[in-house]
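First the structure, in the form of structure tokens, and then the observations on it.
The values are calculated or read from the model by the stated rules, or taken from the named source; none is laboratory data. Every value quoted in this text rests on a predicted model; they were computed, and no experiment measured them. All Cβ positions, even for glycine, are placed from backbone atoms using ideal geometry, and neighbour counts span all protein chains on display. Side chains included, ligands, DNA and RNA excluded: accessible areas come from the protein's heavy atoms. Shrake-Rupley method; radii C 1.70, N 1.55, O 1.52, S 1.80 Å.
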Amino acid sequence: MKPTLIAPMLAALALAASTGHAQPPQPPPPSAMSKPMDAAERRAVVAKTAEAMRTRYIYPEVGAKAAAKIEAELAVGHYDDLTMSGAFAQRLTDDLFSVAHDKHLHVTATDAPRPPMKAGPPPPHGEGGVVRADRLPGDIGYLEVVGFPPPALFKPPVDKAMAALAGTKALIIDLRRNGGGSPEAVTYLVSWFVDGAKPVHINDLVWRNPGTDTFRTESFYSAPTAGKYLGRPIYLLTSRYTFSGGEEFSYDMQTLKLATLVGAVTGGGANPGGPVPPIGDRFDIFLPAGRAQNPITGTNWEGVGVKPDVVAPVDAALDTALARLGQTIAEPDVERLSQARLFTARTTAAPGSEAALRRLLDGLAKGAPDYSTLGTDFAQTVRDRLPAVQADFGRFGAVQSVAFHEVDAMGGDTYEVTFAKGRAEVTLLLQADGKIAAMMYRPL
């Protein structure tokens, strides 16, 4: 269950941190190196994708059927007219989905333009997935969490926010924009709400052993936390954009009877996974190799979503939760409702971030990054992808300037980097120990 995703061809080195409950990666903008596909490349991509489905997909029979589907489509010439990588990747994704119906399963062309974004809430600024914490009328706490990065990135901000919320009479956790992330981080947040007297079995992930029809189970139990929030009402706000790890947190809290869910049915993605070895120099597969299995229900939310206890329009979910807590205030805007801002995500670059970025870019361009400065999972991903990434940064040329732009929702520092032969947006995530946990880049 080690994560990370790194994509070549001037794409997103989305070394995000955790294989698990995460939104499948979206392809980056087109690279200057984009080129039409030929029949040989299409055959190679189909062959590698089919092999991955047969040997790694969580449901062997479904994986075999999906593999046969794309092989049949190739054989009868249905891919012959797809000469651009983005259209081909989307067609493979669609054909695989027609069999597997798995929202995590995704083929990405790393040199292709992004598809149009579906309507949805815009990504906010945050720190380690935590956007804000507030005291609302009636001494009700409010916490918005938009993602679950690995614990090293998630624990510091969530501990700070929860400590500030400790004295409130009730708590509302807003997951309406939560796209998922690390199962370990999900477990950590659930652990804040369970008695620490003995470990509580929170969730299981059943993983397929690659190349076999056998499986192993990874169990998650409550972990020590920096504090506890017990004996008070907890409401979770959900939407159809709540996905994957955001759904697991909702499902865990619901089945443990720790919270009341308010809002809409969630997105329906319960099969965790991650990138498999890349296909050539511009295709990746985010492939689910596992499935969640709740120890109480024996099942999960795949394909059906997590059903709220109280159905409410998404934009009225906060009002509805407040009303159930005795606060009849028709004001869905947290900023105007807030009586005290208890946690604010940082808006400046983390100390040492720019220097770490410059060292990494220089090392990648030379093909000799300093692995001692990288987190364990990120270091392995860089090793796996170094030739392609070195080629990308070699084409960019030397770094001319680095300008800080913003902090993204996961707490990554985003910079605009000017190279001798182009510009790119680069986002860097640092662990608490200063090592690099993840990096993303795209040309401008």
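For a straight C-alpha distance cut-off of 21 angstrom, the lysines reachable from K69 (same-chain residues fewer than eight places away being disregarded) are K48, K103. Taken over the C-alpha atoms, the stretch 79-238 has Rg and Dmax values of 20.0, 63 angstrom. Over the Cα atoms of the stretch 306-397, each weighted equally, I'd like the Debye log10 I(q)/I(0) at q = 0.14 Å⁻¹, rounded to two decimals. Cα-only, vacuum Debye calculation for the stretch 306-397: -0.68. Of all aspartates and glutamates in the structure, the ones whose alpha carbon falls short of 17 Å from that of K65, not counting any fewer than 8 places away in one chain, are E51, E73, D94, D95, D102, D213.
Distance between the pseudo-spin-label points of D81 and D315 (7 Å out from Cα toward the beta carbon): 4.0 nm. When only alpha carbons of the stretch 244-363 are considered, Rg and Dmax amount to 20.6, 58 Å.
Within straight cross-link reach of K421, meaning Cα distance under 17 Å, which aspartates and glutamates are found once same-chain residues fewer than 8 apart are removed? Partners within reach: D362, D392. A full extension of the chain between K198 and D38 corresponds to an added length of 51.7 nm, given 0.36 nm per residue minus the alpha carbon distance. A dipole drawn for the chain from +1 and -1 charges on Cβ atoms has a positive end, and of A355, G298, A264 the residue lying farthest that way is A355. Counting every Cα pair in the stretch 140-234, what percent are over 18 Å apart? Percentage above 18 Å: 52. Placing one equal scatterer on every Cα of the stretch 356-415 and applying the Debye formula, the log10 ratio I(q)/I(0) at q = 0.14 Å⁻¹ is -0.43. Computed extension gain for D433 through A323, at 0.36 nm per residue and net of the alpha carbon distance, reaches 35.3 nm.
When T299, T373, T328, T242 are compared by accessible surface with a 1.4 Å probe, the order from highest to lowest is T328, T299, T373, T242. Cross-link pairs exceeding 18 Å in C-alpha to C-alpha distance, out of K198/K307; K228/K257; K155/K198, comprise K198/K307; K155/K198. This model, with +1 at the C-beta of Lys and Arg and -1 at the C-beta of Asp and Glu, gives the chain a dipole about its Cα centre of some 360 debye. Return the distance in nm (one decimal) between the two label points of a simple spin-label model at H405 and R358, each offset 7 Å from Cα along Cα→Cβ. Here the modelled spin labels are 2.0 nm apart. Comparing the chain with the 2.2 N^0.38 Å rule of thumb, its C-alpha radius of gyration ratio is 0.98 (two decimals).
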